[in-house]
Amino acid sequence: MTAHEKVSHYQHASGVEAIDFLRYLDFIRGNAMKYMTRLGQKDDYNKDLKKSLEYSAMLEEYSTEEKGFKPHYPEEGIKAVNTYLDWVRLERPETFYYEYSVLLLPCEEVQYARNSLMATLSKD
């Protein structure tokens with residue numbers, strides 16, 4: 001396998017490429033985060049957010065055998081996650097807990113964060 005080449009148009013505003021941490025996630029979490037990393041860039045903000053929330057809802061349905069599972073990253077993956085989350089904390093604080101949960105916490109906590117974000121959005 002050849003080394004991954006950095007391509008500028010895949011560079012996220014946080015300074016990392018999403019693939020630097022998405023490749024360590026399972027399919028469902030990876031898709032939930034894919035839509036968050038491109039939030040409002042490719043499609044409408046609300047459309048991407050809705051897709052991310054739909055994927056994270058699937059964690060409860062499809063991850064029953066993986067309860068308690070949480071992603072494990074090598075050192076370079078953790079560095080990318082931390083850089084990305086630092087950016088989210090500053091630029092999109094309303095989604096921080098949700099994104100943090102999808103990237104780092106067990107399935108049950110992702111569902112709590114998802115429900116919390118949805119409740120916040122419904123108040124707006």
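Would you tally the net charge around Asp43, using a Cβ to Cβ cut-off of less than 13 Å, leaving Asp43 out, and scoring K and R as +1, D and E as -1?
Within the 13 Å Cβ shell, the charges total +4.
Hey, with R₀ at 25 Å, roughly what FRET efficiency would Glu108 and Asp86 work out to, going by the Cβ-Cβ distance, to 0.05?
According to the calculation, E is roughly 0.50.
For Ser116 and Lys47 in the same chain, what is the full-extension length gain: residue separation times 0.36 nm, less their Cα-Cα distance, in nm?
Extending this stretch completely gives an extra 23.0 nm.
Are there chymotrypsin sites (Phe, Trp or Tyr not before Pro) in the stretch 68-124 that DSSP marks as loop and that have at most 16 other Cβ atoms within 10 Å, and which are they?
For chymotrypsin sites (Phe, Trp or Tyr not before Pro) across the stretch 68-124 that sit outside H, G, I, E and B with at most 16 neighbouring Cβ atoms in 10 Å, the list reads Phe69.
Among rounded, prolate and oblate, which fits the stretch 8-121 when a ≥ b ≥ c are the square roots of the eigenvalues of its C-alpha gyration tensor, a/c under 1.5 means rounded, and a/b larger than b/c means prolate?
It is oblate, given that a/c is not under 1.5 and a/b is not larger than b/c.
If I compute solvent accessible area with a 1.4 Å probe over the protein chains, what percent of it on the stretch 75-124 is carbon and sulfur?
54 percent
Run the simple label-point estimate for Glu94 and Arg23 please: 7 Å along Cα→C-beta, distance reported in nm.
Result for the modelled spin labels: 3.4 nm.
What residues have an amide H closer than 5 Å to that of Phe69, excluding those fewer than 5 places away on the same chain, when H is modeled at 1.01 Å from N in the peptide plane?
It is Cys107, by chain and number.
The values are calculated or read from the model by the stated rules, or taken from the named source; none is laboratory data. Just so it is clear, the model here is predicted, and its values are computed rather than measured. Glycine also receives a Cβ, built like all others from the backbone with ideal geometry; neighbour counts cover every protein chain displayed. These area figures cover heavy atoms from the full protein model, side chains too; ligands, DNA and RNA do not enter into them. Shrake-Rupley method; radii C 1.70, N 1.55, O 1.52, S 1.80 Å.
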